[in-house]
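K.L.:
Before anything else, here's the structure in question.
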Amino acid sequence: MAAEILLLGGALVVVLLALGAPIFLVLTATAAGFLLADGKSVAGIAQHVLDHLNSPALVSVPFFLLAAVLMRGGGVAKALFDAAITWIGWLPGGLALAGIAATALFAAINGSSVATALAMGSLLVPMMIEKGYKPGFAMGLTAAAATLGILIPPSLPMILIGLIAEVSIPRLFLAGVIPGLLQALLFAGYVLLMARRVGGAPMPLASREVFVRSNLRALPALLIPLVILGGLYGGFVTLTEAAVLGAVVSLIVVVLFFGPRRPRQIGGFFVEAIDRTAVVVVIVIGASLLSAWIIRSGLPQDLARLVLESGLQPWQFLLILNLLLLVMGMFLEGVAIILIVVPVVAPVIRQIGIEPEHYAVVMVINIELALLSPPIGLNLFVMSNVTGRPVSEVLRGTLPFFGLMLGLLLLVTFVPSLSTWLPSVMMPRP
């Protein structure tokens with residue numbers, strides 16, 4: 001019966017999407033309709049939604065988003081980039097290496113891949129081309145490095161996965177740290193290996209005066225992840241309190257050191273953060289209804305029984321999931337993938353012995369790959385818009401980095417400790 005219900009629901013979703021309806025509205029309306037048809041009252045559905053919105057973790061979302069918007073609106077990206085150049089710009093491929101380092105740091109502040117691509121692309125790509133790097137390489141590197149924005153904490157997809165699957169968001173943040181650093185190191189190793197082939201001579205060694213000035217200017221920006229992550233994992237604040245502190249420090253840093261000082265511009269940042277928060281709330285509402293419908297259909301239980309009876313090992317299940325997610329990533333945006341897949345898979349992984357943190361990192365790396373996968377890959381279009389070059393040229397430039405990310409995905413799939421070790425050490429379960 002579960003399969004028939006899901007098939008009917010899937011057919012309805014496909015028809016509505018073909019008519020041009022927004023995917024989140026389609027999934028929410030379909031789930032609500034099937035719940036009503038299954039005997040759940042309107043009041044019961046409303047109460048279910050309110051119960052899921054009454055979450056301390058959800059309260060943190062607007063403050064994380066406000067901090068991200070404030071940081072993106074100031075000159076934070078350039079300050080981080082200038083500081084990174086003084087440290088590693090003198091190495092072969094130094095400008096590209098500095099771009100990777102600055103992007104990783106900006107990701108730890110911003111939490112959004114597309115915003116990171118926009119900020120770093122408009123800054124890094126023109127400079128790399130001017131210094132002699134091949135345009136395809138410059139665009140591919142920046143588009144791929146920007147995906148770190150959703151793997152290195154704080155990460156909006158990790159927050160959404162935590163809210164939908166009802167698992168600890170701080171533990172999910174920790175799970176992304178080691179894979180995120182590995183991704184940055186893989187990119188850096190490739191740059192060092194290919195430095196002579198892609199053009200671009202090492203940058204001159206920075207003078208002591210430039211070194212000190214650049215790093216002092218970047219220092220306020222580094223306070224943001226220090227306040228958020230240091231306070232959270234030091235046990236001084238809760239997740240919500242860390243988000244509030246991050247937003248407050250971001251506002252102070254932007255006003256005093258980086259960003260625009262006119263109240264109208266600061267007000268615009270708040271409006272944007274409210275707008276993005278509304279989107280997240282709509283997603284959570286849709287996810288809660290979709291999850292309730294899927295659980296009532298019995299699909300997760302049937303899937304778990306099928307997996308257990310088939311004798312699939314956890315890594316085999318994850319490989320199948322990876323193939324599914326890679327295909328979905330060609331046609332769907334990352335949040336839609338989370339909304340569709342997590343309610344089905346989250347109950348299953350607990351029964352077959354996969355840690356939620358491991359599964360979440362596998363999901364996020366797949367979403368990173370989706371950002372670089374045609375025809376929907378958002379980072380490809382962002383980079384094309386920033387540079388004015390065709391998407392096909394950006395795509396060719398991303399291929400080596402896409403291959404490295406596939407290698408990272410397989411490594412994380414087969415070595416769970418890469419994503420589970422740090423959470424188990426810093427936040428052991430009781």
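The values are calculated or read from the model by the stated rules, or taken from the named source; none is laboratory data. The model shown is predicted, which means the values in this text are computed figures rather than measured ones. In this analysis, Cβ positions are derived from the backbone assuming ideal geometry, glycine residues included, and neighbour counts consider all displayed protein chains.
K.L.:
Got at least one residue in the stretch 350-363 being farther than 27 Å from V282 by Cα and of a type in the set (G, A, S)?
P.N.:
yes
For (1) touching a Pro at 6+ places or on another chain (Cβ under 8 Å); (2) in a loop (DSSP other than H, G, I, E, B); (3) crowded, with 24+ Cβ neighbours inside 10 Å, each residue gets a yes or a no:
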residue: A104; (1), (2), (3): no, no, yes
residue: L118; (1), (2), (3): no, no, no
residue: L123; (1), (2), (3): no, no, no
residue: G140; (1), (2), (3): yes, no, yes
residue: A146; (1), (2), (3): no, no, yes
residue: I159; (1), (2), (3): no, no, yes
residue: R171; (1), (2), (3): yes, no, no
residue: A184; (1), (2), (3): no, no, no
residue: A188; (1), (2), (3): no, no, no
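K.L.:
If you go through the stretch 194-218 one residue at a time, how many are surrounded by 14 or more Cβ atoms within 10 Å (Cβ to Cβ) and without any contact (Cβ under 8 Å) to a residue 60 or more places away in the chain?
P.N.:
Qualifying residue count for the region: 1.
K.L.:
Can you name every residue in the stretch 251-278 that is modelled with pLDDT of 80 or more and either among the charged types (D, E, K, R) or under 23 Å from S55 (Cβ atoms) (or both)?
P.N.:
F270, E272, A273, I274, D275, R276, T277, A278
K.L.:
Can we say A287 is over 23 Å from the mean Cα position of the chain (by Cα), buried (at least 17 other Cβ atoms within 10 Å of the Cβ) and farther than 30 Å from S214 by Cα?
P.N.:
Against the criterion (over 23 Å from the mean Cα position of the chain (by Cα), buried (at least 17 other Cβ atoms within 10 Å of the Cβ) and farther than 30 Å from S214 by Cα), A287 does not qualify.
K.L.:
If P428 passes every condition in (1) within 20 Å of the chain's Cα centre (by Cα); (2) farther than 18 Å from I152 by Cα but one, which one does it miss?
P.N.:
Of (1) within 20 Å of the chain's Cα centre (by Cα); (2) farther than 18 Å from I152 by Cα, only one is false for P428: (1).
K.L.:
So for the stretch 126-138 (the condition being modelled with pLDDT of 90 or more, buried (at least 24 other Cβ atoms within 10 Å of the Cβ) and in a helix (DSSP H, G or I)), does at least one residue qualify?
P.N.:
Yes, the stretch 126-138 has at least one match.
K.L.:
Just give me the residues in the stretch 399-418 being of a type in the set (S, T, Y) and under 21 Å from G189 (Cα atoms), in sequence order.
P.N.:
None - no residue of the stretch 399-418 is of a type in the set (S, T, Y) and under 21 Å from G189 (Cα atoms), so the list stays empty.
K.L.:
I would also like to ask the following. Is there a residue in the stretch 106-124 that is under 17 Å from F402 (Cα atoms), free of Cβ contacts under 8 Å to residues at least 60 places away in the same chain and within 18 Å of the chain's Cα centre (by Cα)?
P.N.:
So far as the stretch 106-124 goes, no, none of its residues is under 17 Å from F402 (Cα atoms), free of Cβ contacts under 8 Å to residues at least 60 places away in the same chain and within 18 Å of the chain's Cα centre (by Cα).
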